[in-house]
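The values are calculated or read from the model by the stated rules, or taken from the named source; none is laboratory data. Model, not experiment: these values are computed from the prediction. We place every Cβ from the backbone using ideal geometry, glycine too, and count neighbours over all the protein chains shown.
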């Protein structure tokens, strides 16, 4: 075993073979660059990093620091970021308000309708957010072309049970726990399963969900993974916890990513941000080598 805090990362097709020790390049040590990081957002070849003391910009490929950008006056705790029409949308964890920020001019303004939201995401030219203290925690609201509209009144409080795509929002109904989809264009909700499910995830155009410890593919109802505790959003692949270890599944086969147990995982702009059970923070690239 290596000394220090080095994490052994390996890509292992699950064929029963022992995991090989990875090269040094497999470990991404950001050192102080991501200290107190709350969110990442990709913008072209740049990775924007939100921290308590400002915004840092680095090269998405090499992770070399490029510049620093001051936070807008009045924005206290950045938590969550999306790009939309050249502006950076940043949620303030202090009051749940989302800000529009133009880094090129420094112009910034809060969006009053989002006051108290606990999460938000962007799909096209629309901003979707939780109801928060204004409208109730089980509501999803859409802000589009200046119009603020209630689109769901039965969404789960847990954002792990909400999965947005460009065209739809997949979610588990708060009352029935069944998988449902809200179509943005048709503005309709359709129930997709008869059983209680959890953690919908979209991967490669397919929707997957967990029922008990089994992961199913929505299109054909086929069980694809067993003994899974958690699913994590990955975009190009499924990332899941099995026996406390982190795996990646590309739709055909699985690969071991962490040889140490992880306590939590979140996705951030092409990276998996992991907390190990002994309290360390580790980052794993989702991009194929």
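The table that follows gives values for the structure above.
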read-out: Enumeration of residues in segment 196-228 that are closer than 23 Å to residue 274 by Cβ, in a loop (DSSP other than H, G, I, E, B) and modelled with pLDDT of 85 or more; value: 213, 226, 227, 228
read-out: Number of the condition not met by residue 176 [criteria: (1) assigned to a strand (DSSP E or B); (2) farther than 25 Å from residue 124 by Cβ; (3) at pLDDT 90 or above]; value: (1)
read-out: Matching residues in segment 42-71 - criterion: being under 21 Å from residue 93 (Cα atoms), in a loop (DSSP other than H, G, I, E, B) and modelled with pLDDT under 85; value: 52, 53
read-out: Test: residue in segment 25-39 that is modelled with pLDDT of 75 or more and buried (at least 19 other Cβ atoms within 10 Å of the Cβ); value: no
read-out: Strands (runs of 3 or more DSSP E) within segment 72-125 that include 3 or more residues within 16 Å of residue 55 (Cα to Cα); value: 78-84, 87-92, 98-101
read-out: Considering residues of segment 42-85 that are in contact with a strand residue (DSSP E or B) (Cβ under 7 Å, 6 or more places away or on another chain) and free of Cβ contacts under 8 Å to residues at least 12 places away in the same chain only, the residue farthest from residue 283 (Cα to Cα); value: 67
read-out: Check on residue 16, part of a loop (DSSP other than H, G, I, E, B) and either within 22 Å of residue 260 (Cβ to Cβ) or at pLDDT 85 or above (or both); value: yes
read-out: Number of positions in segment 159-185 that are surrounded by 16 or more Cβ atoms within 10 Å (Cβ to Cβ) and out of contact with any strand residue (DSSP E or B) (no Cβ under 9 Å at 6 or more places or on another chain); value: 1
read-out: Test: residue 106 is in the same structural domain as residue 56 (by TED's automatic domain parsing), under 23 Å from residue 42 (Cα atoms) and surrounded by fewer than 19 Cβ atoms within 10 Å (Cβ to Cβ); value: yes
read-out: So residue 88, is it assigned by TED's automatic domain parsing to the domain that holds residue 50 and either farther than 22 Å from residue 44 by Cα or out of contact with any strand residue (DSSP E or B) (no Cβ under 9 Å at 6 or more places or on another chain) (or both); value: no
read-out: Flag if residue 125 is over 30 Å from residue 229 (Cβ atoms) and in contact (Cβ under 8 Å) with a residue 40 or more places away in the chain; value: yes
read-out: Of all residues making up segment 114-124, the number that are more than 12 Å from residue 89 (Cα to Cα) and out of contact with any helix residue (DSSP H, G or I) (no Cβ under 8 Å at 6 or more places or on another chain); value: 2
